[in-house]
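Scroll down for the structure; my scribbles are underneath it.
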Amino acid sequence: MTLAHFWILHFLWLLPLVAMALVFYNRQKKKAMGRFADPELLARLTGEVRKGRRFLKGFLLLSAFGLMVFALAGPRWGSHFQEVSQKGVDIIIAADVSPSMLVEDIKPNRLERARREIIDFLKVVQGNRMGLVAFSGVAFIQCPLTLDYAALEMFLNALQPDLIPVPGTDLGAAIQIALSSFDFKAETDKVILLITDGEDNEGKGLEAARMAKEKGVKIFVFGMGETSGGPIPAGGGKGGFKKDKEGKLILSRLNEDDLRKMASMAGGTYVRSVAGDLDLDILYFEGIKSRTEAKTLKSGKIRIFEERFMFFVLAAFLLLLVEGSISESKSRGLRFKGSGFKVTF
């Protein structure tokens, strides 16, 4: 036998308290009845209390309480095997970690907002295989496709601009590495979720998007930042912002036009982060989920234990019925002097 919720058995420690409460209740009841009438008359009116029956009633109440607690713990024995399958799509998140993602035109900055959005996103995509690619001037697979979202979140927490030392933003490399992460022998629908501010320094993003379309992979793009842009932090703990050779601030602007073209070319949609931590969820429900079909990711047999709590609930109910049918006192007759009339209580 196993228990589904073993911790509930800790409530059995309440049994001694319940027993003490019953003893206290009976004593208070006896005192109250003693103030009501003379002990001899009281015995004639209510009958003689049998301590054995009182003890038995208390024992039955405590036993019923213990059985109900045990039932809540979820006793199970016996089992059977059940065929199950898990359906979903394969999604590779390609996250931009270039220095421009530290721009604070959205708070606290583009990269941190993206990380928060992805963590919230993982809560609504349960059942899909997820992977992670980080990119700037080059791209690397950080986490292959997996159903272990805890492992994926661990890699998300490590996303920083210094993760990849090569400067720049190569959207083409990000898409190509993401494509290499898929198993094209599997029949599952495949999606690349590109999260970036859209600065494609190498200019290969559209070409890579065309390649993704040929392979049947849809690209959904999540734009980070404002079209008005913002200065790029200098980094290295120096403070200040990056400047060009003429001493002017270098501004990083969200390049929506190219991102829309890439998404459209690969059968996806483009969304910009504007409304907080729900934008990526909207992209999933209104974009990815509506344009893909969930296929079987894995199947197998799982062992299902038989729930047996109902036996203990039934036993507790029967004990309460028995307890309620037992009287504590022995009925006695009350005879009035001078007459043959007798009343039995």
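The values are calculated or read from the model by the stated rules, or taken from the named source; none is laboratory data. Model, not experiment: these values are computed from the prediction. Glycine gets a Cβ as well: all are built from the backbone with ideal geometry, and neighbour counts include every protein chain shown.
Numbers for the structure displayed
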| quantity | calculated |
| --- | --- |
| Odd one out for PRO108 among (1) at pLDDT below 90; (2) outside the structural domain of ALA139 (by TED's automatic domain parsing) | (2) |
| VAL191, sole failed condition from (1) touching a strand residue (DSSP E or B) at 6+ places or on another chain (Cβ under 7 Å); (2) of a type in the set (A, V, I, L, M); (3) at pLDDT below 85 | (3) |
| Test: ALA71 is modelled with pLDDT of 70 or more, in a helix (DSSP H, G or I), out of contact with any Leu (no Cβ under 8 Å at 6 or more places or on another chain) and loosely packed, with under 14 Cβ neighbours inside 10 Å | no |
| Candidates ARG129, ARG116 - the one that is of a type in the set (Lys, Arg) and closer than 23 Å to THR227 by Cβ | ARG116 |
| All strands (runs of 3 or more DSSP E) inside region 136-225 with 1 or more residues being under 31 Å from the mean Cα position of the chain (by Cα) and loosely packed, with under 15 Cβ neighbours inside 10 Å | 139-146 |
| Filtered residue count, region 287-313, keeping only those that are modelled with pLDDT under 80 and in contact with a Leu (Cβ under 9 Å, 6 or more places away or on another chain) | 2 |
| Cβ pairs under 7 Å, 6+ apart, first in region 127-138 and closer than 9 Å to VAL89 by Cα, second among the hydroxyl-bearing types (Ser, Thr, Tyr) and not in a strand (DSSP E or B) | MET130/TYR149 |
